[in-house]
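Enquirer: Provided herewith is a single structure, encoded as structure tokens, for subsequent inquiry.
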Amino acid sequence: MKPCYINSAVSISAQDTLDNSNFLENTISFEGQLAKAIHPNYKLFISPIASRRMATGVKMGIAAAKKALELAELETPDAIITGTGIGCIEDSEKFLNAILDNDEEFLTPTSFIQSTHNTVGAQIALTLKCKGYNVTYVQGAASFESAVLDGQLLLHENEAKTVLVGGTDELGKYLINDIILAETAEKQPITTPFGEGAHFFSLSQSKQNKSFAAIKGIKIFNKATTETINIKVEDFLKDHDLTTEDIDAIVLGKNGDTFDELYQTLQYSSFKSIPQLHYKHLCGEFFTASAFGFWTAANIIKHQYIPEVLKLNTIKKSNYKNILLYNQLKGQQHSFTLLTSC
Amino acid sequence: MPKNRVAITGMGIISSIGTTVEANLHALLNSQKGIAPIVNINTRHKNEIKVGEVLQTNAELAKSLHLNENHNYSRTALLGCIAAQQAVKHANIDTIDAFRTGLISATSVGGMDLTEKHFQNYNAESLKLINSHHAADSTEKIAALLGITDFTSTISTACSSAANAIMLGARLIKSGQLDRVIVGGTDGLAKFTINGFKTLMILSDTDCTPFDANRKGLNLGEAAAYLVLESDAVVKQDNKTVLGYLAGYGNANDAFHQTASSENGEGAFLAMSKALKVAELNPEDINYINAHGTATPNNDLSEGKAIKRIYGDSVPDFSSTKAFTGHTLAAAGAIEAVYSILALQNDVMFPNLNFKTAIPELSMVPITEVTKKPLNYVLSNSFGFGGNCSTLIFSKN
Amino acid sequence: MDALKKELKESIIEQLNLEDFTVEDIADDDTLFGDGLGLDSIDALELIVMLDKDYGIKLTDPNEGKAVFVSVEVLATYIAKHRTK
């Protein structure tokens, strides 16, 4: 597939990332198990009559999407592609509670309507009156990457000139406690907090004034082991006429659990002499946390600078041209993403 | 002839009218509907609604998959595994990774049937079920069963989900990213969805009547269906029997309302128009339309208007098969893809059951009897909440 | 009747999450849907449940709501006449 260009990158996360004036300066560290997002004043993005029904994830998503379009100076994209792992869990929980509390009586539709996974993508389309291609991916930790891959494919096929892609996940209030409980019972549980956030990016087929990085390639795969991961990465790079030598930094989705050995395998072999970075200690673990990693990598290319807080080693490079991202969750939903300067 | 054709070489299905492709065809040809009062779910509304339910219990479905009793499969995963396994077998695939093979599944309800039983009440025993909640879980289980290690993804665009899964699979083959993709969708019935649709006041208390002037709403259903899509190269190399081709696809957003379709069916019109363009066909090339036709007042009027915007008064033969299966939500696009292929293979159109009177604004009369006719192109619509509209076009050659 | 109207305004604000509204902002004869308060078909379904839950009035067809939900005035008159609780 042909590369495509990134014209804006917007993050709403547990860090102060929406304000573009700083790049991960003064980050917060977390004591507890939750890393809740820092919310902007949503009234700046969404009318009160529209926002009255929206849960956290929908508001985050619309605000991030609107900002991404604004920064890219794009009014309406040709396509809107969204990823979410857990979906609109706040409204799902609300409707589940209503079913249980009232024994299926006196239920109202709002939380059900807003609980469907495509709510964010649909609300963005509705807000922008965008009638173009619109899909929502729900592939766990590869939800955001599925959206990016589809976006790149649309641009490659010449089905669109501009695409808005993004990922959103919200913590919710109830299920997360049991998810944490189940995780704590694991032998080597996730050590980063659980987080939430919304990340949106404006992509284009051709290089524009605003373009500051390009997506060279993306690969999603379902299975890999410490024995096969090196071959997988070499094959992926080969598909793009690159070798491990060409990579200037690797961004890893480490979360402290037993599956970190997959990342370690790459750290100790193919990529041992280049800058190695992590980010989930900053944004928390959630299904679309890798979009925070993507935002980070795009910004490193833009600023040609790696914030200290991301570094896993002390190696520096004079130039950050090709950055590779690798993410997986519990040994499933693996993805490689290759960003490059443009 | 367009290059890089996408062949369909296998199909699998489990629905309220049958647990195999053959059983579904038999029911369609004999007007045997699968709509009845609900059995497997104990809901307060059981006397007020009728559904298209797969009658096997979870235990029976699990047994047919040889799962041990301690499994954590949602109903969505169980149905999906059964249908996907059939499709791969039907396509005579021995070694799944002999080619670059992907899986794209669709679901809207995911593992909600498990979550709603244990929500806020998980214990040491049931806590293992919590990771089955999210939508990708059923897809991962299907991938594990089929041995798929390459591209795997899940789509959720409400009731158009499976059509979008089929579309992405075709695009990945056409662009040379994959050689073979198993595509489709699965949704089990759950209290969550029954109550959700109930609050929207669009559930019929009797057999649904698509495109009828007096339609009262939809019957919910549950089902799973998958297709095996293969590239020309795979078909040639393995000398595969081709059941039909995916000739065109279109996706658009109605951008009108979170749940309702626009009055002039804008999204539906755009999706159909795009699909015709991709297939390089004129509207009159379509021999039969398998309509979305949920039997809600809003959908059927809006879809009918969209069809009329394309065809004027020369609307091709059309019917909705929702009165057989109920509305199977995220699976619907795949269920109706199987029915579209069956129509092409057998040169037959399936009846729109329960129809009596045309909608006055449309004067459109669907096919109401099993009707034989040579078919070359079948168009299938799937529309969902959030304005997500998709159209697929299947061809015989 | 005035008490019922006030009660209805409070319920509407709460049920429909009209965060920026107070009881004083809604006049008895304000149009609830369309140009008035800007309510839509989803709100109508919410109000149908409110009628059932709070006043024991069952509407089975969403279209019936259109004539009832014109304004707080009309709604209050309808409830006073048909309420079973």
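Enquirer: Which of the numbered conditions does A:A249 fail, given that it passes all the others? Conditions: (1) of a type in the set (A, V, I, L, M, F, W, C); (2) touching a Lys or Arg at 6+ places or on another chain (Cβ under 8 Å); (3) buried (at least 23 other Cβ atoms within 10 Å of the Cβ); (4) in the same structural domain as A:A147 (by TED's automatic domain parsing).
Expert: (4)
Enquirer: Let me ask you something else. Yes or no: the stretch A:153-161 includes at least one residue that is among the small types (G, A, S), outside the structural domain of A:M54 (by TED's automatic domain parsing) and more than 13 Å from the chain's Cα centre (by Cα).
Expert: No, because not a single residue in the stretch A:153-161 is among the small types (G, A, S), outside the structural domain of A:M54 (by TED's automatic domain parsing) and more than 13 Å from the chain's Cα centre (by Cα).
Enquirer: Scan the stretch A:73-108 for residues that are in contact with a strand residue (DSSP E or B) (Cβ under 6 Å, 6 or more places away or on another chain) and in a loop (DSSP other than H, G, I, E, B) and jot them down.
Expert: The answer is A:L74, A:P77, A:D78, A:T84, A:G85, A:I86.
Enquirer: Considering only residues that are more than 20 Å from the chain's Cα centre (by Cα) and of a type in the set (V, I, T), look in the stretch A:217-226 and name the one that is nearest to the other protein chains (Cβ to nearest Cβ).
Expert: Taking the candidates together, the pick is A:T225.
Enquirer: Can you tell me which residue within the stretch A:28-67, out of those that are surrounded by fewer than 22 Cβ atoms within 10 Å (Cβ to Cβ) and under 18 Å from the mean Cα position of the chain (by Cα), is farthest from A:S92 (Cα to Cα)?
Expert: Only one residue fits best here, namely A:K66.
Enquirer: Does at least one position in the stretch B:63-72 carry a residue that is touching a residue at least 12 places away in the same chain (Cβ under 8 Å), crowded, with 19+ Cβ neighbours inside 10 Å and either within 23 Å of B:A162 (Cβ to Cβ) or out of contact with any Cys (no Cβ under 6 Å at 6 or more places or on another chain) (or both)?
Expert: No, the stretch B:63-72 contains no residue that is touching a residue at least 12 places away in the same chain (Cβ under 8 Å), crowded, with 19+ Cβ neighbours inside 10 Å and either within 23 Å of B:A162 (Cβ to Cβ) or out of contact with any Cys (no Cβ under 6 Å at 6 or more places or on another chain) (or both).
Enquirer: Further question on the same structure: Within the stretch B:18-128, which helices (runs of 4 or more DSSP H) (wholly inside it) include 3 or more residues that are of a type in the set (A, V, I, L, M, F, W, C) and under 19 Å from the mean Cα position of the chain (by Cα)?
Expert: B:21-29, B:75-90
Enquirer: Separate question: Could you tell me whether the stretch A:98-119 includes any residue that is within 30 Å of A:S206 (Cβ to Cβ), buried (at least 24 other Cβ atoms within 10 Å of the Cβ) and at the interface with chain B (Cβ under 7 Å from one of its Cβ atoms)?
Expert: Yes, the stretch A:98-119 contains at least one residue that is within 30 Å of A:S206 (Cβ to Cβ), buried (at least 24 other Cβ atoms within 10 Å of the Cβ) and at the interface with chain B (Cβ under 7 Å from one of its Cβ atoms).
Enquirer: Contact list please: Cβ distance under 9 Å, first residue in the stretch B:189-203 and in the same structural domain as B:L55 (by TED's automatic domain parsing) and at pLDDT 95 or above, second residue part of a helix (DSSP H, G or I) and basic (K, R), pairs at least six apart or on different chains.
Expert: As it stands, the answer is B:L189/B:R75; B:A190/B:R75; B:K191/B:K117, since those pairs meet every condition given.
Enquirer: Restricting the search to the stretch B:160-189, which residues are more than 10 Å from chain A (Cβ to nearest Cβ) and either assigned to a loop (DSSP other than H, G, I, E, B) or of a type in the set (K, R) (or both)?
Expert: Hits for the stretch B:160-189 are B:L178, B:D179, B:R180, B:G188, B:L189.
Enquirer: Out of curiosity, is A:G151 in contact (Cβ under 8 Å) with a residue 24 or more places away in the chain, farther than 20 Å from B:S382 by Cβ and out of contact with any Asp or Glu (no Cβ under 6 Å at 6 or more places or on another chain)?
Expert: yes
Enquirer: Report the residue count in the stretch A:134-165 for those that are assigned to a loop (DSSP other than H, G, I, E, B), at the interface with chain B (Cβ under 7 Å from one of its Cβ atoms) and hydrophobic (A, V, I, L, M, F, W, C).
Expert: Result for the stretch A:134-165: 1.
Enquirer: Within the stretch B:293-301, can one find any residue that is touching a strand residue (DSSP E or B) at 6+ places or on another chain (Cβ under 8 Å) and either within 18 Å of B:K396 (Cβ to Cβ) or small (G, A, S) (or both)?
Expert: Checking the stretch B:293-301: at least one residue is touching a strand residue (DSSP E or B) at 6+ places or on another chain (Cβ under 8 Å) and either within 18 Å of B:K396 (Cβ to Cβ) or small (G, A, S) (or both).
Enquirer: Given the condition at negative phi, within 11 Å of another protein chain (Cβ to nearest Cβ), out of contact with any strand residue (DSSP E or B) (no Cβ under 9 Å at 6 or more places or on another chain) and assigned to a helix (DSSP H, G or I), answer yes or no: does some residue in the stretch B:197-217 qualify?
Expert: Yes, because at least one residue in the stretch B:197-217 is at negative phi, within 11 Å of another protein chain (Cβ to nearest Cβ), out of contact with any strand residue (DSSP E or B) (no Cβ under 9 Å at 6 or more places or on another chain) and assigned to a helix (DSSP H, G or I).
Enquirer: On to the next question. Look through C:I13, C:I79, C:I42, C:I26 and report the one residue that is at pLDDT 95 or above, surrounded by 15 or more Cβ atoms within 10 Å (Cβ to Cβ) and aliphatic (A, V, I, L, M).
Expert: On inspection, the qualifying residue turns out to be C:I79.
Enquirer: Which of the residues spanning the stretch B:246-277 are within 9 Å of another protein chain (Cβ to nearest Cβ), small (G, A, S) and under 19 Å from C:I42 (Cα atoms)?
Expert: Hits for the stretch B:246-277 are B:A255, B:A260.
Enquirer: Only one of B:I38, B:I96 is within 14 Å of another protein chain (Cβ to nearest Cβ) and either touching a strand residue (DSSP E or B) at 6+ places or on another chain (Cβ under 7 Å) or buried (at least 18 other Cβ atoms within 10 Å of the Cβ) (or both). Can you tell me which?
Expert: B:I38
Enquirer: Against the condition at the interface with another protein chain (Cβ under 7 Å from one of its Cβ atoms), more than 24 Å from A:E186 (Cα to Cα) and in contact with a Gly (Cβ under 6 Å, 6 or more places away or on another chain), how does B:T157 come out, does it pass?
Expert: Judged against the criteria, B:T157 is a match.
Enquirer: Same structure, new question: Return yes when A:E70 is more than 9 Å from chain B (Cβ to nearest Cβ), surrounded by fewer than 23 Cβ atoms within 10 Å (Cβ to Cβ) and outside any loop (DSSP other than H, G, I, E, B) and no when it is not.
Expert: Spelling it out, A:E70 is indeed more than 9 Å from chain B (Cβ to nearest Cβ), surrounded by fewer than 23 Cβ atoms within 10 Å (Cβ to Cβ) and outside any loop (DSSP other than H, G, I, E, B).
Enquirer: What residue, among those in the stretch B:263-291 that are among the polar types (S, T, N, Q) and without any contact (Cβ under 8 Å) to a residue 60 or more places away in the chain, is nearest to A:I124 (Cα to Cα)?
Expert: B:N264
Enquirer: Let me ask something else about it. Looking for something more than 20 Å from C:E19 (Cβ to Cβ) and either more than 14 Å from chain C (Cβ to nearest Cβ) or in contact (Cβ under 8 Å) with a residue 24 or more places away in the chain (or both) - is there at least one such residue anywhere in the stretch A:43-63?
Expert: no
Enquirer: Helices (runs of 4 or more DSSP H) wholly in the stretch C:9-85 with at least 2 residues that are under 25 Å from A:P48 (Cα atoms), within 14 Å of chain A (Cβ to nearest Cβ) and not basic (K, R) - which ones?
Expert: C:41-55
Enquirer: While we're on this one: Quick one: is B:I142 of a type in the set (V, I, T) and more than 9 Å from every other protein chain (Cβ to nearest Cβ)?
Expert: Yes, satisfied.
Enquirer: If the requirement is being over 16 Å from B:A135 (Cα atoms), among the basic types (K, R) and more than 8 Å from chain B (Cβ to nearest Cβ), which of these qualifies: A:K131, A:K94?
Expert: On inspection, the qualifying residue turns out to be A:K94.
Enquirer: So how many residues does the stretch A:166-216 have that are of a type in the set (A, V, I, L, M), within 12 Å of another protein chain (Cβ to nearest Cβ) and either assigned to a loop (DSSP other than H, G, I, E, B) or free of Cβ contacts under 8 Å to residues at least 60 places away in the same chain (or both)?
Expert: 4
Enquirer: Could you please let me know if B:T157 is in contact (Cβ under 8 Å) with a residue 24 or more places away in the chain and over 17 Å from A:I220 (Cβ atoms)?
Expert: The answer is yes for B:T157.
The values are calculated or read from the model by the stated rules, or taken from the named source; none is laboratory data. In this text, all values refer to a predicted model and were calculated from it rather than measured experimentally. Counting neighbours? That spans all protein chains shown, and the Cβs are built from the backbone with ideal geometry, glycine included.
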